[in-house]
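Trainee: One structure coming up, written as structure tokens, with questions to follow.
What follows draws every value from the coordinates through simple rules; no lab data is involved. Note that the coordinates shown come from a computational prediction; the quantities given were computed from them, not determined experimentally. For neighbour counting, all protein chains shown are included, and Cβ atoms are generated from backbone atoms with ideal geometry for every residue, glycine included.
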Amino acid sequence: MSELRDLYQTVILDHYKKPRNYGPLPDANGHAEGVNPLCGDHIAVHVRLSEGAEGKLEDVRFEGSGCAISKASGSLMTQIVKGKSPQQIEEIFQHFHQLVTGDPAAPEAGELGKLEVLSGVREFPARVKCATLAWHALRAALEGRREPVSTEAAEV
Ligand code: ZN
């Protein structure tokens with residue numbers, strides 16, 4: 001298993017150093033910020049959602065400052081959610097949350113693809129907030145919420 005862990009570590013560091021879909025999104029129609037005061041992570045997510053009931057996330061970018069886990073998670077998230085509907089994204093988030101919290105209901109290995117590199121977080125409960133921060137910001141952006149989301153707020 002240690003080889004697998006090394007591989008996961010390499011992927012996380014790669015996404016931390018070279019985050020994908022990073023920066024502002026000029027034609028975005030939604031934005032939200034997320035803060036994790038416990039670690040000092042601060043992430044902004046920009047989305048462009050297509051119009052209509054069958055709306056899809058046409059494009060997504062993120063930016064901010066934070067630890068390796070929070071940035072790598074944001075980078076991996078943007079890759080997996082692009083082109084998906086808000087409902088599909090919510091489903092992926094629920095499964096990802098189960099994965100990083102070590103919930104026995106977590107999906108089978110393979111279902112979450114690259115997001116599984118973050119599965120080691122379940123051994124470090126304090127880092128779960130780092131791993132889910134970008135996701136909370138994304139959900140707020142998709143719902144059109146204006147207030148920054150904090151991992152220390154009651155709802156999170
Ligand atoms: Zn962090």
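Trainee: I'm checking my understanding of the structure. Among residues of region 105-120 that are of a type in the set (Asp, Glu) and not in a helix (DSSP H, G or I), which one is farthest from the chain's Cα centre (by Cα)?
Mentor: 108
Trainee: If you don't mind, there's one more thing I want to ask. Name the pairs: first residue in region 4-15 and touching a residue at least 12 places away in the same chain (Cβ under 8 Å), second residue β-branched (Val, Ile, Thr), Cβ to Cβ under 6 Å, at least 6 apart or on different chains?
Mentor: Here the result reads 8/117; 11/117; 12/117, each pair linking region 4-15 to a residue that is β-branched (Val, Ile, Thr).
Trainee: To continue, here is another question. Counting only residues that are part of a helix (DSSP H, G or I) and of a type in the set (Val, Ile, Thr), how many does region 121-156 have?
Mentor: If we filter region 121-156 for residues that are part of a helix (DSSP H, G or I), which is where we start, we get 121-123, 125-142.
From what is left, the residues that are of a type in the set (Val, Ile, Thr) are 121, 128, 132.
Result for region 121-156: 3.
Trainee: For region 28-57, how many residues are more than 16 Å from the ligand (Cβ to nearest atom), in contact (Cβ under 8 Å) with a residue 24 or more places away in the chain and more than 19 Å from residue 140 (Cβ to Cβ)? If you could, list the steps in order and put the result at the bottom.
Mentor: Taking region 28-57 and keeping what is more than 16 Å from the ligand (Cβ to nearest atom), we get 28-32, 46-57.
Among the residues that remain, those that are also in contact (Cβ under 8 Å) with a residue 24 or more places away in the chain are: 28, 30-32, 46-47, 49, 54-57.
Now narrow it down to the ones that are more than 19 Å from residue 140 (Cβ to Cβ): 54.
Residues meeting the conditions: 1.
Trainee: May I pose another question? Any residue in region 116-137 that's within 23 Å of residue 35 (Cβ to Cβ): show its pairings with residues that are among the polar types (S, T, N, Q) and surrounded by fewer than 22 Cβ atoms within 10 Å (Cβ to Cβ) at Cβ separation under 6 Å, as long as the two are six or more apart or on different chains.
Mentor: As it stands, the answer is 128/101; 129/151, since those pairs meet every condition given.
Trainee: Of all residues in region 94-111, which are in contact with a Leu (Cβ under 8 Å, 6 or more places away or on another chain) and in contact (Cβ under 8 Å) with a residue 24 or more places away in the chain?
Mentor: Matches in region 94-111: 96, 100.
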